[in-house]
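Report on the following structure.
Throughout, read-outs are computed from the coordinates displayed, never taken from laboratory work. The shown structure was predicted, so the numbers you read here are calculated from the model rather than taken from an experiment. With ideal geometry, Cβ positions are generated from the backbone for all residues, glycine too; neighbour counts draw on all protein chains shown.
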Amino acid sequence: MKYIFVTGGVVSSLGKGLTAASLGALLEMRGLRVRIQKFDPYLNVDPGTMSPFQHGEVYVLDDGAETDLDLGHYERFTSGKLSRLNNLTSGQIYESVIQKERRGDYLGKTVQVIPHVTNEIKARIQQSGNGVDVLITEIGGTTGDIEGLPFLEAMRQFALQVGPKEALFIHVTLVPYLSAAGELKTKPTQQSVAKLREIGIQPQILVCRCDHPLGEELREKLSLFCNVPTKAVIEERNVESSIYEVPLMLQKEGMDDLVIELLGLKAPRNPKNIWVEILRRIIHPRHEVTIGVVGKYIELQDAYKSVYESITHGGIANNCRVNVVRLDAEALEARGGTTALRGLDGILVPGGFGERGIEGKIVAARYAREHGIPYYGLCLGLQVAVVAFARDVLGLRGANSTEFDPRTPHPVIDIMEEQKKVVDKGATMRLGSYECQLTPGTLAARAYGAKSVRERHRHRYEVNNAYLPQLKGAGMVVSGLNPRRNLVEIIELRGHPWYVAVQFHPEFQSKPSAAHPLFAAFVAAARKHRRTSRGHRKVRRR
Ligand code: GLN
């Protein structure tokens, strides 16, 4: 097995995760089995307890691990499924080292960063690469961060132990353009590489993020000062239309050839390139729809990352450009707030926690129901749809989720029984993949084309089964059910063109090459809505 370590320099948010994911995609295209993982130097055990303001989306794996959103990129760009072994944090390492110390595993010794913490990190690298040809490990943060040092030290030791041609260091860095000077500047990269070399790591490949072409002269300068061959200076320009351009961009720069050569691998070029077709469909789609996403963290780029990506995938599957209008749920609460929803071809309410913006999301679910607009609710998006339905259709005044109103007279959404005794906040929700049985003939069953599916979860509340007879009697259809525990997993509305809400997170299982069936069906429904509502308008004008 071969090991690639990806570090980042100069600034954060360079798109290291995307670079690692794109490299993984290229290597996979050449027939190699690839796994990508992330080591995060912060002290949280996992990002599950961090707010989207701090950390963006929490990405959930099949096994229920709450992980960094970069793992979403890894799963979208490559075919392997990841596990909780693939997102290591300093918090996990220290937790484990301290437990061992208390147990007496290090009896008589002083417990230290080198070797005890670094051994722990190295052991994880060994463990997490089972069954693949290439294991790519991205180190979170930026070189020079104090927390990152033990990780870099562990990588250095690891590379030494496995020997040359077995491990490879790639440094992703920023080459900024200074408009006053009218040129790209290499000094920050030089300094960041110097910092790495100080701790004994010489990167063999430099990936330079830039918004202007590097040019031969600059490549030579970077080569000279950073001690890498010029052909290993890779330009990664800002993408024009889609992140799915990155694999092709890196391929043009010869990155996969270079990696394969440096690691002494044999992997023939593949004439078939799926990324070309994916990109063609993104750049030149035949159709167009506009979808509103109603959320609380609408201004943050990363809070609903997988949702936005999955919408794009749904577009790819339908040969359709999807314009996403981000709507702040709180703004919908105001009088006249629903004007923002007018003219949308579809409305999506993603997951969320906490009371803020809830009434606005309920407004969105109601508006879609009353106006026959395709509605797609994800997790909390299902819960608000049920609350709206209970209030409006069943006439249950004050109906709510006990998450937002513990004293509601009609707790149509209630905390799951086993959650009532949970005190700790970390990793205690209903997490990970569970079976969902589909009701034949429903929109969901048709979209999936299956009888039963597995989907990933992250929630504490659920539909209160005591209200099911009433809800069903008034036209709500339960199209997906967890067979073991009888939990409602998917609902639809009889008589509505496309109103589907799910208790799970389908956005964690969608890829550009294989859109999640419900996202594909939602975009298809939005297209249909656009066609028919336009038709209506025309008729009226005549
Ligand atoms: N807050 C809700 C719950 O805990 C919904 C969670 C979510 O949308 N992920 O059940």
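Laid out as a table, the results:
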quantity	calculated
Three-way shape label, the stretch 431-533, alpha-carbon gyration tensor, a/c 1.5	oblate
Net charge contributed by nearby residues that have their C-beta within less than 9 Å of residue 249 (K/R +1, D/E -1)	-2
Residue exposure sequence - 305, 421, 187, 38 - by fewest surrounding Cβ within 10 Å	421, 187, 305, 38
Test item: Cα-centred dipole of the stretch 444-542, Lys/Arg +1 and Asp/Glu -1 on Cβ, debye	820 debye
Around residue 7: net Lys/Arg minus Asp/Glu count, Cβ-Cβ under 15 Å	-2
Per residue convex hull volume, Cα atoms of the stretch 481-536, in Å³	89 Å³
Percentage, to the nearest whole number, of Cα pairs in the stretch 1-95 over 19 Å apart	41 percent
Bins of 10 Å, starting at 0 and running to the largest distance - Cα pair percent for the stretch 151-227	18, 46, 25, 10, 1
Counting all C-alpha pairs of the stretch 397-470, share separated by more than 16 Å (%)	63 percent
Against the rule of thumb 2.2 N^0.38 Å, how large the Cα Rg of the stretch 316-462 comes out	1.13
Over the stretch 33-157 - Rg/Rh using Cα atoms and the Kirkwood inverse-distance radius	0.97
For the stretch 269-339 and the stretch 60-129, distance of Cα centres in Å	33 Å
Set of lysines with alpha-carbon distance to residue 187 below 24 Å, sequence-local pairs under 8 removed	16, 195, 221, 231
For the stretch 180-193, 3J(HN,Hα) per residue [Karplus equation, 6.51 cos²θ - 1.76 cosθ + 1.60, θ = phi - 60°, Hz, x = Gly/Pro]	4, 8, x, 8, 7, 10, 9, 4, x, 5, 4, 6, 5, 5
Exposed-site-free run, longest, the chain (rule: GluC sites (Glu not before Pro); DSSP loop; at most 14 other C-beta within 10 Å)	356-542
Antiparallel DSSP beta bridges within the chain, as percent of all bridges there, nearest 5	35 percent
The stretch 231-271 shape via C-alpha gyration tensor axes, a/c threshold 1.5	oblate
Percent of C-alpha pairs per 10 Å bin, the stretch 57-112, short to long	22, 37, 20, 18, 3
Residue-averaged [θ]222 nm for the chain, counting only DSSP H segments that reach four residues, each worth -39500 (n - 2.57)	-11000 deg cm²/dmol
Share of alpha-carbon pairs per 10 Å distance bin for the stretch 246-363, given as whole %	12, 31, 24, 17, 11, 5, 0
Projected area averaged over orientations for the stretch 172-306, convex hull of C-alpha atoms, nm²	12.4 nm²
Square roots of 5 times each gyration tensor eigenvalue, C-alpha, the chain, largest first, Å	44, 29, 20
Angstrom value of the Kirkwood radius, inverse mean 1/r, which spans all Cα pairs in the stretch 105-219	16.4 Å
